[in-house]
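The values are calculated or read from the model by the stated rules, or taken from the named source; none is laboratory data. The model shown is predicted, which means the values in this text are computed figures rather than measured ones. With ideal geometry, Cβ positions are generated from the backbone for all residues, glycine too; neighbour counts draw on all protein chains shown. Calculation scope for accessible area: heavy atoms of the full protein, side chains included, ligands and nucleic acids excluded. Shrake-Rupley method; radii C 1.70, N 1.55, O 1.52, S 1.80 Å.
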Amino acid sequence: MIAVTAFKKISEISSSTWLFRYNKMREHARWIETLDPCSQHDGGRAAMEALLYVYNGLAEWSYADPAEAAVLQARVRRPELIDLLHGQRAQGTLMCYAGEGQSYALRGRVDGYRQACEHRSAIKLLIDDFEEVIIDQFTQEELEDLDEELRDAADDATPVHRRQIPSWAPRSHWWWWKPDHIDMSMSEYGNRIYAGDLEDGASAFAEVLRCGDQECWCYTAPA
């Protein structure tokens, strides 16, 4: 009963947070749709920040309607913004975002892998929608470092739940489906995610950490 109540509370908090996030994504999408590239004098920073906000939200899409995700992506796909995104501040913003993803990937064996996946999927969407968006050498190096850290973490990453993988994501976003073979107890999962903070309480908390999806690795994982 305690586990069910706790899981319900976690779900309610998550739903409330997601609704706020979704509404902010729509606000950013509206701004991007009406953006006049010639009116921007900040080196493209605001445009890049708005795009990354939408793409990062799509990377956190979970099991929501993939068709709705496609509509949001289509709204911000404006090729005429590419010159603006080549601006020095826009490239710097993207470089910092990739660097954040790299930091998460370095924690891939504990609590950072899911966030690293989100960062990488957001950048993949940006690159898919805006060809040759990365022109800065330092930005390119940050992305290459992120990929390297993801590959290093992938074989022993703390796995994501099936419901955390964006419903729209194709297999080309390979990072979400790592490691290839998951053999992990919920206690170990809890200890990794909470970096040992649960200590002896990890086993008792294990049931709350299951997502409930029968096709997820956690459904049959031992406590």
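Of all residues in segment 89-104, how many are open to solvent by less than 10 Å² (accessible area, probe 1.4 Å), within 26 Å of P170 (Cβ to Cβ) and among the small types (G, A, S)? Outline the logic, then answer.
Taking segment 89-104 and keeping what is open to solvent by less than 10 Å² (accessible area, probe 1.4 Å), we get 90-91, 94, 98, 101.
Filter once more, keeping what is within 26 Å of P170 (Cβ to Cβ): 94, 98, 101.
Keeping just the survivors that are among the small types (G, A, S) gives 98, 101.
Selection size over segment 89-104: 2.
Looking at segment 38-51 only, could you name the residues that are modelled with pLDDT of 95 or more and of a type outside the set (D, E)?
Scanning segment 38-51 gives G44, R45, A46, A47, M48, A50, L51.
Quick one: would you say R107 is open to solvent by 30 Å² or more (accessible area, probe 1.4 Å) and in contact with a helix residue (DSSP H, G or I) (Cβ under 7 Å, 6 or more places away or on another chain)?
Values: open to solvent by 30 Å² or more (accessible area, probe 1.4 Å): yes; in contact with a helix residue (DSSP H, G or I) (Cβ under 7 Å, 6 or more places away or on another chain): no.
Considered against the rule, which asks whether it is open to solvent by 30 Å² or more (accessible area, probe 1.4 Å) and in contact with a helix residue (DSSP H, G or I) (Cβ under 7 Å, 6 or more places away or on another chain), R107 comes out as no.
Restricting segment 60-69 to residues that are open to solvent by 10 Å² or more (accessible area, probe 1.4 Å) and touching a residue at least 12 places away in the same chain (Cβ under 8 Å), which is nearest to the chain's Cα centre (by Cα)? Spell out how you get there, then give the answer.
Going residue by residue through segment 60-69, those that are open to solvent by 10 Å² or more (accessible area, probe 1.4 Å) are 60, 62-68.
Pick out the ones that are also touching a residue at least 12 places away in the same chain (Cβ under 8 Å) and you get 60, 62-66.
Values: E60: 5, S62: 9, Y63: 13, A64: 14, D65: 16, P66: 15 Å.
Among residues in segment 60-69 that are open to solvent by 10 Å² or more (accessible area, probe 1.4 Å) and touching a residue at least 12 places away in the same chain (Cβ under 8 Å), the one nearest to the chain's Cα centre (by Cα) is E60.
Residue by residue, here is whether (1) modelled with pLDDT of 95 or more; (2) assigned to a helix (DSSP H, G or I); (3) open to solvent by less than 60 Å² (accessible area, probe 1.4 Å) holds:
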{"position": "S121", "(1), (2), (3)": "yes, yes, yes"}
{"position": "I134", "(1), (2), (3)": "yes, no, yes"}
{"position": "A169", "(1), (2), (3)": "yes, no, yes"}
{"position": "Y189", "(1), (2), (3)": "no, yes, yes"}
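So in segment 29-46, with the set limited to residues that are assigned to a loop (DSSP other than H, G, I, E, B) and charged (D, E, K, R), which one is nearest to L85 (Cα to Cα)?
Within segment 29-46, the first condition is being assigned to a loop (DSSP other than H, G, I, E, B), and the residues that meet it are 35-36, 40-44.
Those left that are additionally charged (D, E, K, R): 36, 42.
On the way: D36: 13, D42: 11 Å.
Per the criteria, the residue is D42.
Residue by residue, here is whether (1) open to solvent by 30 Å² or more (accessible area, probe 1.4 Å); (2) at pLDDT 95 or above; (3) in contact with a helix residue (DSSP H, G or I) (Cβ under 6 Å, 6 or more places away or on another chain) holds:
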| position | (1), (2), (3) |
| --- | --- |
| F20 | yes, no, no |
| M25 | no, yes, yes |
| I32 | no, yes, yes |
| L35 | no, yes, no |
| Y53 | yes, yes, yes |
| L58 | no, yes, yes |
| V71 | yes, yes, no |
| R78 | yes, yes, no |
